[in-house]
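Note sheet for the following structure.
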Amino acid sequence: MADRIMVAGAGKSGIAAAKMLLQLGGDVLLYDSNVNINVEKIKDSFPETRQLLIKTGELKKNDLNTVTLCIISPGIDLEAPFVKVLDQAQIPIWSEIQLAFQKDKGQLVAITGTNGKTTTTALTGAIMEKKYPGTFVVGNIGVPYTETCLQTNETSVTVLETSSFQLETISDFRPHVSAILNITPDHLNRHHTMEKYIAIKESITMNQTEKDFCVLNYDDPVLREFGQSDALKAKTVFFSSRHILEEGYYLKEGNICRKFKGVSEEVIMPTGDLTIIGQHNYENAMAAIAMGFCMDVPKEQICAACREFTAVEHRIEFVRERTGVKYYNDSKGTNPDASIKAVQAMPGPILLIGGGYDKHSTYDEWIDEFDGRVKYLVLIGETRDAIAECCRKHGFDNVMYAESLEEAVKVCASYAEMGDCVLLSPACASWDMFKNYEERGTLFKKYVNEL
């Protein structure tokens, strides 16, 4: 029998990986532990299924007789029971991005970090498109890397948003330009310790050499230390919103500037030319600009892309103004640090909708930002009791519960006054009540527009 590659997870990235392998002529075992998935519907999504075997439920060792490699979807925890079966059979495990990298013929720019990845990836992609017509923007931003890698060529550029889940199982994955935007506590229900989470994020650079670049946030003490250590082989490029750097990109008097190798300061562009709001977005823009220069995109093209760029859906996205109240969708604020950035960016007093799936986060710093900013907090989801208790501990008492997102929108609308902002920025994941943060944000916009 021919060797077979197993793809674990029949979601979006798993199906994309299976289709890629079949297109290359491989035999594929598509596995999902969920016995209730619609196997016939999955088969219908493939143009050809002769070399495709689909299995659900419990995975046993004899299912792996001809399997030589497993491609694992990012949503699957490496502590899942079937992973132990793979380990016992000594079958290597790759992430979907590792598989795609094997077939990418062009240059790769890869972006990670706790927050800001999607906005930075989208803006970096817009910058690359100015110089490189064959630019692909992929990864967590919505399009699986395996869906586009076979379309690449020697002149193309792929801009990849990657999570810690995808970086857990890379081997020779090597971007020419990498970026780590920031590191704050997140996904500790999966990674367990900050030390492990940090190590996984930093592994994006592990195969880079002195010919490559790594863009890092100087204001993050973990990343500043990493950028100055011998562990990093790539050329370090820092950006900062708090310090005037002798080497790197920084904010000064409302301008994005840079300075390198003793050359006098160069103003790149005023922050007022950007349509995205908030200091965190100026940091995202600096990271994207830095990556543009690392990829030899001319300054005028970089600035043009930045001026034309608009906010990413579900990330501090303006929805509408009604009776003098502005509504913002920040469903992608899935951890406290991301939600802090959204709270800080609001142009007026806030009625905040929060709560959701528990990722074992702590909420103290988030609630500390409420003082003088948040008028009311309306809580939904499984974390609402824990968040309410934390609010009481910090002396914030304007807390209300809602049984659904729709009810939360209506409550905020009834309490909001002219000049207020209603903000969905949950500081939690969405999986307790929604399929994903996109569904949560889309429903929020629907309910707002129905008011």
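Bear in mind these aren't lab numbers, they're just calculated from the coordinates by the rules spelled out. The structure displayed is predicted, hence computed values, not measured ones. Here the Cβ positions follow ideal geometry from the backbone for every residue, glycine too, while neighbour counts run over all protein chains shown.
Each Cα pair under 8 Å and six or more residues apart adds its sequence gap; the mean of these over the residue count of the chain is a relative contact order of 11 percent.
The fewest-to-most ranking of Ser240, Ser331 by surrounding Cβ atoms within 10 Å reads Ser240, Ser331.
Put simply, the amide H of Val325, placed in the peptide plane, has neighbours under 5 Å in Gly419, leaving out anything fewer than 5 places away on its chain. To check you understand DSSP bridge types, tell me what percent of the beta bridges within the chain (both residues inside) are antiparallel, rounded to 5. Within the chain, antiparallel bridges account for around 20 percent of the total.
Hydrodynamic radius of the range 85-142 by the Kirkwood approach over all distinct alpha-carbon pairs: 13.6 Å.
Only helices enter this figure: runs of n ≥ 4 DSSP H residues, each worth -39500 (n - 2.57), summed and divided by the residues of the chain, yield -9500 deg cm²/dmol at 222 nm to the nearest 500. Cross-link partners among aspartates and glutamates for Lys60, C-alpha distance below 17 Å, same-chain residues fewer than 8 apart left out? Correct list for Lys60: Asp32, Glu79, Asp87. Computed from backbone phi, the HN-Hα couplings of the range 433-442 come to 10, 9, 5, 6, 5, 5, 4, 4, x, 5 Hz, rounded to whole numbers (Karplus: 6.51 cos²θ - 1.76 cosθ + 1.60, θ = phi - 60°; Gly and Pro given as x). Taking other Cβ atoms within 10 Å as a rough exposure proxy, Met400, Met20 sort from fewest to most as Met400, Met20. Please list log₁₀ I(q)/I(0) at q = 0.11, 0.22 Å⁻¹ for the range 330-451, using the Debye equation with identical point scatterers on the alpha-carbon positions. Treating every Cα as an identical point scatterer, log10 I(q)/I(0) equals -0.30, -1.36. Normalised Debye scattering of the chain at q = 0.10, 0.11, 0.14 Å⁻¹ gives log10 I(q)/I(0) of -0.77, -0.93, -1.37, counting only Cα atoms as equal scatterers and leaving out solvent. Note on the range 306-394: the alpha carbon radius of gyration divided by the globular reference 2.2 N^0.38 Å gives 1.12.
Along its three principal directions, the equivalent ellipsoid of the range 1-115 from the Cα gyration tensor extends over semi-axes of 21, 18, 15 Å, largest first.
Taking 27 Å as the limit for the C-alpha separation, the pairs Lys117/Lys252; Lys131/Lys259; Lys117/Lys435; Lys84/Lys201; Lys105/Lys259 exceed it in the case of Lys105/Lys259. Rounded to the nearest 0.05, what FRET efficiency is calculated for Asp397 and Thr193 with R0 set to 30 Å and r the Cβ-Cβ distance? Efficiency computed from Cβ-Cβ geometry: 0.30.
Sorted ascending by nearby beta carbons within 10 Å, beginning with the fewest, Val109, Val159 become Val109, Val159. Percent relative contact order of the range 377-422, based on C-alpha pairs within less than 8 angstrom and at least six residues apart? Once divided by the residue count of the range 377-422, the mean separation gives 42 percent.
Gyration tensor analysis over the Cα atoms of the range 97-308 returns equivalent ellipsoid semi-axes of 24, 21, 16 Å (largest first, whole Å).
Restricting the GluC sites (Glu not before Pro) of the range 390-437 to loop positions (DSSP other than H, G, I, E, B) with no more than 13 neighbouring Cβ atoms within 10 Å leaves Glu403, Glu417. Binning at 5 Å from 0, report for the range 131-178 what percent of all alpha-carbon pair distances ends up in each bin. The distribution over the range 131-178 is 5, 18, 28, 31, 13, 5, 0, given as percents. Compared with the direct C-alpha span, the chain from Asn38 to Lys55 gains 5.0 nm at full extension, assuming 0.36 nm per residue. Look at where the Cα atoms of the range 133-160 and of the range 258-319 average out, and the two centres are 21 Å apart. Using the empirical formula 2.2 N^0.38 Å as the baseline, the Cα radius of gyration of the range 382-437 reaches a ratio of 1.23.
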